[in-house]
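Everything on this sheet refers to the single structure shown next.
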Amino acid sequence: MQIELPKGRLGVMVSGGWDSAVLWYLVSKQALAEGREVLAFTAPKPDDSVENTNAVLKTIANFLQTDIPETNVRGESGQKDPDDYWLPGRSLLEEVIENDEVDVMFIGGNKFPDRKTISTILADRKNIERWPTGEARFFAELNSLPIDVISPFADMLKDEIVKLGFDVGVGSLISPLTRSCIIYGPPCGQCYWCKERRWAFKQIGKNDRGNQ
Ligand SMILES: [Zn+2]
């Protein structure tokens, strides 16, 4: 997959999770090829999101043999309302828009599987109904913002994005560095995102050295 970069100042929301790590690799690789700058942005969540993101940026910069950037911390932690899963992301975007920092923001949200797959394999419908990232209406909401928000993985399932990471050569590098849990603390293994990640690795027959 090659990411097309629109004109304007570029940013990527990088969370310390798998999808945004793959996205950061693809966007920064293309920006490097075009001699353009791209900024990483991270909300300060209590799951060591900033530290994890900087580890991802360092590893990918070494892989691309380029200078190591640091992520830009914007928005709120979400601790005030832990039930609002998208609060850190939303507040990050609001602050970036208010500061007029980029014209284009890439985000790594992925599509939820169909209901049958969720029910039979992931068995956790309640969580994703509360946190509807991954559904069409979530991506539609992003389209109403005054900057260009691009979600290249919006039509991809988690297993396709995990496979993509390995196909483009960064899978084994980012696997131990990234986490996909919704709970602030060690990955719980029980939430939708832990189960989705485990399901995705199993689907493509790879071992996950992260999210432990
Ligand atoms: Zn979890």
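Any read-out appearing in this document is the output of simple, stated calculations on the displayed coordinates, not a laboratory observation. Fair warning: this is a prediction, and the values are worked out from it, not measured in the lab. Backbone-built Cβ (ideal geometry, glycine too); neighbour counts: all protein chains shown.
The distance between label points at R115 and D100 comes to 4.7 nm (points 7 Å beyond Cα on the Cα→Cβ vector).
Calculate the FRET efficiency for F63 and F138 from the Cβ-Cβ distance with a Förster distance of 41 Å, rounded to the nearest 0.05. Display every interim value, and only then the final one.
Numbers: r = 30 Å, r/R0 = 0.74.
Efficiency computed from Cβ-Cβ geometry: 0.85.
In the structure shown, the pairs K163/K195; K80/K202; K45/K116 are assessed against 25 Å; a Cα-Cα span above that value is assigned to K80/K202; K45/K116. Listed by chain and number, the lysines whose alpha-carbon sits under 21 Å from that of K7, ignoring those within fewer than 8 places in the same chain, are K29. What does the charge add up to near V50, with Lys and Arg as +1, Asp and Glu as -1, over the other residues with Cβ less than 12 Å from its Cβ? Summing Lys/Arg as +1 and Asp/Glu as -1 gives -2. With contributions of -39500 (n - 2.57) from each DSSP H run of at least four residues, the per-residue ellipticity at 222 nm computed over the chain stands at -12000 deg cm²/dmol.
Place the peptides 46-55, 61-70 in order of packing, highest mean first, counting for every residue the other Cβ atoms within 10 Å and averaging per peptide. Working shown, then result.
Details: 46-55: 18.9, 61-70: 12.4.
By packing density, highest mean first, the sequence is 46-55, 61-70.
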